[in-house]
Amino acid sequence: MSLVEHFGAEHARLAAQLPGAGHPAVDSVRGAALARFRSQGLPQTRLEDWKYTSLAGLEHKPLPVAASAGSLTAGQLAAQAALPQAVHRLVFIDGHFAPEHSFHQLPAGALAASLAARLAAAPQDGLPADDPAASALSALNLAFSADGLELEVAAGVVVEQPILLLWVGSQPEHSTFPALRVRLGQGARACLVEQHLSLHAGTAVNTAVARISLAGQAELQHIKVQAEGPRVVHLSDCAVELAAGARLRSLVLALGGQLGREDLRIALQGRNAAAELDGLYLARGRRHLDHHTTVVHASPDCSSRQDYRGIIDDAARAVFNGRVVVARDAQHTDAQQTNANLLLSDAAEIDTKPQLEIFADDVRCSHGATVGQLDAAELFYLRSRGLDEAQARTLVTFAFAARCLAPVPAGTPLHDGLRRLLLAALPGGEQLENLTP
Amino acid sequence: MLEIRNLCAEIDGKAILRGIDLDVKAGEVHAIMGPNGSGKSTLASILAGRDGYTITAGSVRYQGQDLLALPPEERARAGVFLAFQYPVEIPGVSNIYLLKAAVNARRRHQGIPELDAMDFLALVKDRVRFMEMDESMLYRAVNEGFSGGEKKRNEILQMTLLEPTLALLDETDSGLDIDALKVVSKGVNSLRTPERAMILVTHYQRLLDYIKPDCVHVLAGGRIVKSGGAELALELERQGYAWLGGEAAGVAR
């Protein structure tokens with residue numbers, strides 16, 4: 001059975017149980033999405049955007065869809081969460097909302113709802129339509145959309161504390177399809193920390209979709225941590241629309257998984273919108289991590305800054321493709337992009353490519369990519385203070401990686417939490433833990 | 001403590017040191033002066049174990065050991081400390097983190113127990129006050145965004161914590177205003193004991209007003225061309241390097 005047939009059969013098995021099933025506003029969207037996946041199938045390496053990342057391995061092992069949540073203990077969550085003391089925490093297990101592990105104190109005007117609950121209560125509101133610009137994986141996610149988070153922050157409302165959103169994989173041998181929708185009203189402000197983690201060491205495929213919309217002057221800090229288990233395939237598509245004066249600060253940390261693909265698509269639609277995208281991918285062992293960013297400057301006077309860093313060790317491989325599109329009317333665009341890579345072994349590989357498509361004439365666009373090794377002066381300085389070579393290498397690697405945390409205020413629990421995750425994921429990082437002040 | 005015999009070294013085939021002979025005994029402070037390009041900083045770097053130099057002849061013995069055979073971290077643990085001319089910035093790594101790692105690496109080597117967090121903090125705060133630094137610098141990334149003077153103070157702070165047996169100070173006075181120079185000198189002088197030796201590499205006599213050397217050597221063209229007492233530095237200050245004639249003057253031009 002091919003993968004397309006497998007998911008056709010899974011859909012036939014599950015469609016009637018999916019929340020909101022039976023209502024035309026829901027069924028039609030899921031049906032159309034399935035049809036698109038059926039006609040396109042998994043992205044193939046003959047597509048330019050998938051040239052370096054093959055999903056052929058998925059064909060051989062079709063995994064059933066996780067129809068319900070597995071169980072876990074509070075201790076397992078606390079041990080791995082980026083923010084152990086979160087004030088607002090929403091937990092989804094195998095894609096399904098886990099109210100027993102979730103809590104929040106969101107202010108009036110901020111609403112966090114489970115998609116399943118909302119579909120059950122108001123199926124007539126339907127599902128958002130499939131986005132044909134996204135890969136067929138997004139259509140597959142939508143065809144099976146059972147649950148996820150819908151976060152709405154009304155105009156002028158500020159959520160002070162970070163909202164921690166945990167996507168936990170608890171059962172191996174499953175496919176999961178988490179969905180995230182975020183809408184910030186005019187001038188609203190929030191910080192959302194999304195973390196994907198696995199409590200098993202088995203195979204799984206996690207196909208995630210996020211749709212974020214920021215109204216005028218809204219500000220969102222969106223942090224995504226991919227900390228999946230060593231045999232998990234993580235496929236993600238996140239699209240963000242920014243209206244005039246809106247600001248997005250995005251940080252993507254890809255620290256785990258066997259194969260990870262992150263599509264991040266930003267549309268700067270109103271004047272003076274600004275997007276700052278930071279990313280770090282840490283590829284070790286035989287891990288494969290692919291980051292594709294697309295920033296579309298559709299309006300004048302917008303700015304975007306991208307700083308992606310990669311650490312590639314052992315026989316791992318990474319891909320960075322940074323596409324910037326400046327529309328003809330988008331004068332006074334300021335778009336910067338950098339991609340710095342550390343190659344720590346002879347067998348490690350990076351494919352990095354900037355892709356600028358500029359149709360306006362009064363713009364400032366820059367890009368730069370570097371591939372290098374650890375800085376010899378830094379290594380000598382540390383060794384001259386008595387640190388052994390392995391420790392010095394880890395520290396210098398950490399120093400390179402930690403720069404991506406700059407947009408998170410130092411000294412906050414969030415900064416400390418992310419730093420800890422970063423250290424734990426680095427080669428040799430465990431020996432540095434006891435040195436933390 | 002330190003015996004350098006006929007040390008010759010080159011970088012990329014270019015001879016930098018051409019036969020250095022130097023003996024430094026415990027308790028002594030030696031100043032190495034000389035014009036730019038004479039090889040002073042190279043000598044300090046080679047003693048600390050920096051890569052990139054080829055030793056073509058000679059030997060260096062430190063406390064009876066073959067110093068050149070040791071990797072830099074083992075030299076550090078054995079008590080050799082280099083205060084860098086250009087301290088390196090390590091973003092993302094806090095100063096206190098590095099200090100603790102360095103102190104405990106040395107203690108492990110000496111076979112004494114590592115300091116726990118409380119004892120270490122008390123010790124480091126005491127030294128920070130002594131070096132007239134702000135405590136907040138402990139939590140900043142190593143040397144990142146530090147002014148020239150702050151970087152040099154930070155080097156001496158590390159030195160006062162590590163309590164080296166042989167301290168090498170490479171142009172520590174360069175870029176310091178007079179107040180910073182006094183504090184740095186205070187830090188260095190606090191470490192002068194009969195068990196310890198120091199080598200000050202400097203271009204100017206100014207530092208030696210504050211740290212009185214036992215011996216002064218003039219390095220030129222990769223050789224020590226003149227040695228003397230503290231008064232030699234004053235003479236150099238008055239007359240420059242030209243009066244030494246020959247090689248020293250040639251390099252100084």
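The values are calculated or read from the model by the stated rules, or taken from the named source; none is laboratory data. Here the structure is a predicted model, which means the values were calculated and not measured. Reconstructed Cβ throughout: ideal geometry from the backbone, glycine too, with neighbour counts over all protein chains shown.
When you go through A:329, A:334 one by one, which is the residue that is out of contact with any Phe, Trp or Tyr (no Cβ under 7 Å at 6 or more places or on another chain) and modelled with pLDDT under 95?
Values: A:334 fails: modelled with pLDDT under 95.
Going through A:329, A:334 in turn, just one is out of contact with any Phe, Trp or Tyr (no Cβ under 7 Å at 6 or more places or on another chain) and modelled with pLDDT under 95: A:329.
Could you list all residues from segment A:287-325 that are of a type in the set (Ser, Thr, Tyr) and either surrounded by fewer than 20 Cβ atoms within 10 Å (Cβ to Cβ) or under 18 Å from residue A:401 (Cβ atoms) (or both)?
Our first condition is that a residue be of a type in the set (Ser, Thr, Tyr); within segment A:287-325, this holds for A:293-294, A:299, A:303-304, A:308.
A:294, A:303, A:308 - these are the residues of segment A:287-325 that are of a type in the set (Ser, Thr, Tyr) and either surrounded by fewer than 20 Cβ atoms within 10 Å (Cβ to Cβ) or under 18 Å from residue A:401 (Cβ atoms) (or both).
Could we say that residue B:197 is over 29 Å from residue A:403 (Cα atoms) and exposed (fewer than 14 other Cβ atoms within 10 Å of the Cβ) here? Show your work before the answer.
Details: over 29 Å from residue A:403 (Cα atoms): yes; exposed (fewer than 14 other Cβ atoms within 10 Å of the Cβ): no.
When the stated conditions are applied, residue B:197 does not pass them.
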Item to check | Inter-residue pairs, beta-carbon under 7 Å, first assigned by TED's automatic domain parsing to the domain that holds residue A:157 and in segment A:182-194, second polar (S, T, N, Q), 6+ apart | outcome: A:183/A:213; A:186/A:217; A:187/A:217; A:191/A:221
Checklist outcome for this item: When segment A:327-344 is checked residue by residue, the ones that are more than 21 Å from residue A:360 (Cβ to Cβ) and part of a strand (DSSP E or B) are A:338, A:339, A:340, A:341, A:342, A:343
Checklist entry - Looking at segment A:300-326, which of its residues are closer than 19 Å to residue A:264 by Cβ and assigned to a loop (DSSP other than H, G, I, E, B)? => result A:302
Checklist outcome for this item: Checked pairs for segment A:111-126, first touching a residue at least 40 places away in the same chain (Cβ under 8 Å), second assigned to a helix (DSSP H, G or I) and charged (D, E, K, R), C-beta under 9 Å and 6 or more apart or across chains, list as A:119/A:125; A:125/A:118
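For segment A:125-142, indicate whether the set of residues that are part of a loop (DSSP other than H, G, I, E, B), among the acidic types (Asp, Glu) and buried (at least 20 other Cβ atoms within 10 Å of the Cβ) is non-empty.
Going residue by residue through segment A:125-142, those that are part of a loop (DSSP other than H, G, I, E, B) are A:126-135.
From what is left, the residues that are among the acidic types (Asp, Glu) are A:130-131.
Narrowing further to those that are buried (at least 20 other Cβ atoms within 10 Å of the Cβ): A:130.
Yes, that holds for at least one residue.
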Item to check | Enumerated helices (runs of 4 or more DSSP H) restricted to segment A:349-437, each holding at least 2 residues that are surrounded by 16 or more Cβ atoms within 10 Å (Cβ to Cβ) and over 28 Å from the mean Cα position of the chain (by Cα) | outcome: A:376-383, A:389-402
Next on the checklist: Could you check segment A:393-406 and list, in sequence order, the residues that are of a type in the set (Gly, Ala, Ser), out of contact with any Leu (no Cβ under 8 Å at 6 or more places or on another chain) and at the interface with chain B (Cβ under 8 Å from one of its Cβ atoms)?
Outcome noted: A:399
Checklist entry - Does segment B:124-136 hold any residues that are away from chain A (no Cβ under 13 Å) and in contact with a helix residue (DSSP H, G or I) (Cβ under 9 Å, 6 or more places away or on another chain), and which are they? => result B:127, B:128, B:129, B:130, B:131, B:132, B:133, B:134
Checklist outcome for this item: Here the residues within segment B:87-120 that are facing chain A (nearest Cβ under 9 Å) and at positive phi are B:92
Item to check | Pairs with Cβ under 7 Å, 6+ apart, first in segment A:399-416 and in contact (Cβ under 8 Å) with a residue 60 or more places away in the chain, second small (Gly, Ala, Ser) and surrounded by 15 or more Cβ atoms within 10 Å (Cβ to Cβ) | outcome: A:403/B:92; A:404/A:279
Next on the checklist: Given (1) surrounded by fewer than 23 Cβ atoms within 10 Å (Cβ to Cβ); (2) closer than 30 Å to residue B:63 by Cβ, identify the lone condition not met by residue B:179.
Outcome noted: (2)
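Can you say whether residue B:80 is within 12 Å of chain A (Cβ to nearest Cβ), surrounded by 18 or more Cβ atoms within 10 Å (Cβ to Cβ) and over 20 Å from the mean Cα position of the chain (by Cα), as far as the supplied structure shows? First the steps, then the outcome.
Numbers: within 12 Å of chain A (Cβ to nearest Cβ): yes; surrounded by 18 or more Cβ atoms within 10 Å (Cβ to Cβ): yes; over 20 Å from the mean Cα position of the chain (by Cα): no.
Answer is no for this residue.
I need the strands (runs of 3 or more DSSP E) fully contained in segment B:1-62, keeping only those with at least 2 residues that are surrounded by fewer than 16 Cβ atoms within 10 Å (Cβ to Cβ) and among the β-branched types (Val, Ile, Thr).
Values: elements: B:2-11, B:14-24, B:29-33, B:54-62.
Once the strands (runs of 3 or more DSSP E) in segment B:1-62 are filtered for at least 2 residues that are surrounded by fewer than 16 Cβ atoms within 10 Å (Cβ to Cβ) and among the β-branched types (Val, Ile, Thr), what remains is B:54-62.
Does residue A:154 satisfy the condition of being closer than 26 Å to residue A:66 by Cα, assigned by TED's automatic domain parsing to the domain that holds residue A:104 and surrounded by fewer than 20 Cβ atoms within 10 Å (Cβ to Cβ)? Please lay out each step first, then the result.
Details: closer than 26 Å to residue A:66 by Cα: no; assigned by TED's automatic domain parsing to the domain that holds residue A:104: yes; surrounded by fewer than 20 Cβ atoms within 10 Å (Cβ to Cβ): yes.
So residue A:154 fails the test.
Name the helices (runs of 4 or more DSSP H) wholly within segment B:135-253 that hold at least 1 residues that are within 16 Å of the chain's Cα centre (by Cα) and of a type outside the set (Gly, Ala, Ser)? Full working, then the answer.
Details: elements: B:148-162, B:178-190, B:230-239, B:246-252.
Where helices (runs of 4 or more DSSP H) fall fully within segment B:135-253 and carry at least 1 residues being within 16 Å of the chain's Cα centre (by Cα) and of a type outside the set (Gly, Ala, Ser), they are B:148-162, B:178-190.
So, in segment A:55-77, how many residues would count as being closer than 23 Å to residue A:422 by Cβ and over 21 Å from the mean Cα position of the chain (by Cα)?
2
For (1) within 30 Å of residue B:88 (Cβ to Cβ); (2) out of contact with any helix residue (DSSP H, G or I) (no Cβ under 8 Å at 6 or more places or on another chain); (3) of a type in the set (Lys, Arg); (4) within 14 Å of chain B (Cβ to nearest Cβ), each residue gets a yes or a no:
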{"position": "A:296", "(1), (2), (3), (4)": "no, yes, no, no"}
{"position": "A:300", "(1), (2), (3), (4)": "no, yes, no, no"}
{"position": "A:310", "(1), (2), (3), (4)": "yes, yes, no, no"}
{"position": "A:328", "(1), (2), (3), (4)": "no, yes, yes, no"}
{"position": "A:391", "(1), (2), (3), (4)": "yes, no, no, yes"}
Checklist entry - Looking at (1) in contact (Cβ under 8 Å) with a residue 40 or more places away in the chain; (2) more than 22 Å from residue B:83 (Cβ to Cβ), which is the only condition residue B:108 fails? => result (1)
Next on the checklist: Given the condition surrounded by fewer than 19 Cβ atoms within 10 Å (Cβ to Cβ), within 21 Å of the chain's Cα centre (by Cα) and not basic (Lys, Arg), answer yes or no: does some residue in segment A:24-41 qualify?
Outcome noted: no
Item to check | segment B:68-77, subset crowded, with 20+ Cβ neighbours inside 10 Å and free of Cβ contacts under 8 Å to residues at least 40 places away in the same chain, residue farthest from the other protein chains (Cβ to nearest Cβ) | outcome: B:75
Checklist entry - Has segment A:409-416 got any residue that is acidic (Asp, Glu) and either away from chain B (no Cβ under 14 Å) or more than 20 Å from residue A:225 (Cβ to Cβ) (or both)? => result no
